[in-house]
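What follows is calculated from the coordinates using simple rules that are stated; it is not laboratory data. It should be emphasised that the depicted structure is a prediction, and the values quoted were computed from it without experimental measurement. Positions of Cβ are generated from backbone atoms using ideal geometry, with glycine treated the same way; all protein chains shown enter the neighbour counts.
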Amino acid sequence: MAASRALLQHPRSARLLRPGDFSALRQSGKRLATKYFHCEYRPNETRSARLGMAVSRRVSKLAVERNRIRRQVRETFRLGRPTLPAWDVLVIARTNAATADSKILRVELIALWQKLAHLGASEDTTAAPSPLNAAGTTGTMRGPANS
């Protein structure tokens with residue numbers, strides 16, 4: 001029981017907190033877009049996924065609406081985190097997210113986490129590049145090895 005409960009928590013280690021983490025993610029992360037959210041992700045050094053959120057005043061001037069969006073992102077991430085690869089994920093809300101129903105946001109976020117899990121699984125299963133060149137011998141791209 002305790003092990004399953006630990007999987008469903010959202011500890012501090014599962015959050016992006018330092019400005020350096022956000023800037024590194026913004027500079028070298030891959031991007032994924034949905035109707036209500038923009039997502040940036042990249043591998044991290046930890047063993048599990050970490051979440052960062054950006055829900056600005058541009059999305060809504062009302063804090064209650066911005067907080068509702070944050071709660072949906074946080075809760076769906078908490079539930080989907082065990083299936084995600086060890087990536088830093090930044091979710092940025094689009095302006096139309098403020099007018100969307102919470103149920104619609106949850107459905108889209110769950111689909112986003114599933115897509116990220118699928119991308120992580122496909123990257124893990126790719127084989128390492130072969131040390132052989134096109135001719136089937138080792139060496140550089142300029143020619144075979146001189147041995």
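Residues with beta-carbon under 11 Å from that of Asp101, excluding Asp101: net charge, scoring Lys, Arg +1 and Asp, Glu -1?
Details: positive: Arg68, Lys103, Arg106; negative: Glu108.
With Lys, Arg at +1 and Asp, Glu at -1, the net is +2.
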> Gain in length, Thr95 to Arg57, computed as 0.36 nm per residue apart minus the alpha-carbon separation, to one decimal in nm?
Replying inline: 12.8 nm
>> Could you work out how much longer the chain between Ile104 and Leu79 gets when fully extended? Use 0.36 nm per residue separation minus the Cα distance between them, nm to one decimal.
In response: 7.3 nm
> What does the charge count near Gly29 come to, summing +1 for each Lys or Arg and -1 for each Asp or Glu among other residues with Cβ under 13 Å from its Cβ?
Replying inline: +2
> Say each of Arg26 and Ala86 gets a label point 7 Å from the Cα, pointing the same way as Cα to Cβ; how far apart are those two points in nm?
Replying inline: 2.6
> Which percentage, to the nearest 5, of the DSSP beta bridges contained in the stretch 13-118 is antiparallel?
Replying inline: 65
> Roughly how many Å is it from the Cα centre of the stretch 3-62 to that of the stretch 81-109, as a whole number?
Replying inline: 10
